[in-house]
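Worksheet: one structure, shown below.
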Amino acid sequence: MLSVNIKGYAPSCTTSVGGVSTLLVGDALDFDWTPGTANTDGSASGYSAVSLRSGATSTGGAGFYEIISLQDSIGVEIAQANSEFASSAYEYTITAKAAHLSQSMTDFAMKMDTASICGQLVFVWVDNVGNIFVAGERSVGGNFIPKFRFKMDGSKFSSGKKFSDFNGGELSFKASYLRAPFQFTGGISAITTLQLG
Amino acid sequence: MSIKVKAEHAHRVFGFNNSGKPLGERDDCHLLYADAKYHNITHILEMFEEVDIDTELLERGEQFIKRRKPPVNKNGNGGKRKKDSREVTER
């Protein structure tokens, strides 16, 4: 207390399960996230609202797009490191398995590559507990936050060799950031309103 | 103090409180406004105007009165009271 305000961790008393049920991706510059009112101890409460930024329109393609993946194949891993008692970094890896090598798979991969180079991807996922998380956001409360850039990195596309082999893309997106992801508390309907595909 | 969305922003869509209806169709905008006010997010605050609760109630009352149908007069004389022949006119 004399040096830093410590906070404990007390999760809500519900059953907990692993896994991610839904993974969405969008152009980070299209969205503005509204932080919720801070908790009584001053800690962040996540994001409570999301909207399209000025100039971004759904008719122009601004929205969330689902990466439809095989059952139980979406995963989010975040490895924290602080090697010198100084700066903490969080290495994100989002993975998913999407079926079928196809032209649309190639188009998707090309878009992700382009966005990795020229733009910024924002990911939203819904875990099997029902919590919604955001990673890769750019605009918060109308202001840009430090860059949180994902790149498609380490994806594998394979045809398989026999009928029972997997045919499709093992997608991998990686980023490094200064904290773990913020939760979105505005509910899934608030997200699906802005979902286009 | 209450708030209402300015007419020019009524079509704007914000996803919050498990809904993404346009602001003009929502009755929970105070939730968004409260978060915006806490963080002083001006571009959201500017979409609303604060309404003094007394003024708002007065406006609602006036609108209610306007919406009310005029009372139907059974005599069919447009609301004018028929003069009773027994009434004595003062001179």
field: Theoretical gain in end-to-end length, A:Glu84 to A:Tyr65 [0.36 nm per residue, Cα-Cα removed]
entry: 2.9 nm
message: Taking each residue in B:33-41, count the Cβ atoms of any other chain within 10 Å of its Cβ, then average. What number comes out?
response: 5
task: Note down the net charge around A:Val20, summing +1 for each Lys or Arg and -1 for each Asp or Glu among other residues with Cβ under 13 Å from its Cβ.
output: -3
- request: Over the alpha-carbon set of region B:2-67, divide Rg by the Kirkwood Rh and report the Rg/Rh ratio to two decimals.
  value: 1.01
query: What nm value, rounded to one decimal, do you get for the distance between A:Ser21 and A:Ser43 when each label is placed 7 Å out toward the C-beta?
result: 2.6 nm
- request: Identify all aspartates and glutamates with a Cα-Cα distance to B:Lys4 below 17 Å; exclude those on the same chain that are fewer than 8 residues away in sequence.
  value: B:Glu25, B:Asp27, B:Asp28, B:Asp35, B:Glu46, B:Glu49, B:Glu50, B:Asp52, B:Asp54, B:Glu56, B:Glu59
query: Pairing the Cα long axis of helix A:103-118 with the longest principal axis of chain A, what angle in degrees results, from 0 to 90 and rounded to the nearest 10?
result: 40 degrees
field: Loop-located chymotrypsin sites (Phe, Trp or Tyr not before Pro) in region A:51-125 whose Cβ has at most 10 other Cβ within 10 Å (DSSP)
entry: A:Phe85
field: Neighbour-limited loop hits for GluC sites (Glu not before Pro), region A:1-86 (at most 15 other Cβ within 10 Å; DSSP other than H, G, I, E, B)
entry: A:Glu84
query: How many Lys pairs in region A:18-167 lie less than 20 angstrom apart by Cα atoms, where the lysines are 8 or more positions apart or on different chains?
result: 8
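Every number here is computed from the coordinates shown, using simple stated rules; none is lab data. Every value quoted in this text rests on a predicted model; they were computed, and no experiment measured them. Cβ: placed from backbone, ideal geometry, glycine included. Neighbour counts: every protein chain shown.
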